[in-house]
Amino acid sequence: MEIVPVKNGTRGTRGGKAMMWVMKVLRRRLINSHRKQGDKFRGMDVLYLTAIGAKSGEPRTTALAYFRDGDGWLVIASAGGSARNPAWYYNIAKHPDRVTIEVGGTRIPVVAEQLTGERRAEVWAKVAGEHTGFAGYQAKTDREIPVIRLTRSPGS
């Protein structure tokens, strides 16, 4: 499965390298906080995605809100409406078959697939309708926010 990264936008929320550094420093704290809150963030379920760094080759773990989709999980690469895609998105684009998630304390090897066209539009409408923060993120940026579907790796 190949993920061709969507281009970054020209406008969006502030962030850049300084915000990425802050997030890197706070990532472990945020993960611990989500765990203490029952794997929740702002009323949404949280999973912990581990992917191989696109540049570093090291495992990187990120807490993400997720939505069930049949036998899979949906995650949204919103980056809070930033003009740039989040780092985890590039990690899974580079290594879509070397991704694991932790849901409810269980680690699951998954394969990442980027939704496109009508399927993406359908999922986006549902997510943005139920969780208006995502619609707000889209309004802040001119990039198309990627929607990723994660499914169990074959044989797992």
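The values are calculated or read from the model by the stated rules, or taken from the named source; none is laboratory data. Nothing here was measured: the structure is a model prediction, and the numbers come from that model. Every residue, glycine as well, gets a Cβ built from its backbone with ideal geometry; the counts of neighbours run over all protein chains shown. We work out accessible area using only protein heavy atoms, side chains counted, and drop any ligands, DNA or RNA first. Shrake-Rupley method; radii C 1.70, N 1.55, O 1.52, S 1.80 Å.
Per-residue packing, averaged as other Cβ atoms within 10 Å, sorts the ranges 87-94, 108-115 into the order 87-94, 108-115, beginning with the highest. Surface composition of region 105-156: carbon plus sulfur atoms contribute 51% of the solvent-accessible area (1.4 Å probe, protein chains only, all chains present). For Val99, the residues whose amide H sits under 5 Å from its own are Val110, ignoring neighbours fewer than 5 places away on the same chain, with H placed 1.01 Å from N.
Backbone amide hydrogens, once placed in the peptide plane, bring Asp45 within less than 5 Å of Tyr66, excluding anything fewer than 5 places away on its chain. The HN-Hα couplings worked out from phi for region 83-89 by the Karplus form 6.51 cos²θ - 1.76 cosθ + 1.60 (θ = phi - 60°) are 5, 9, 5, x, 4, 4, 5 Hz, whole numbers, x standing for Gly and Pro.
Seen from every direction in turn and averaged, the convex hull around the alpha carbons of region 44-155 projects onto 7.0 nm².
One decimal place: the segment Glu130-His95 gains 9.6 nm when fully extended, by the rule 0.36 nm per residue minus the C-alpha distance.
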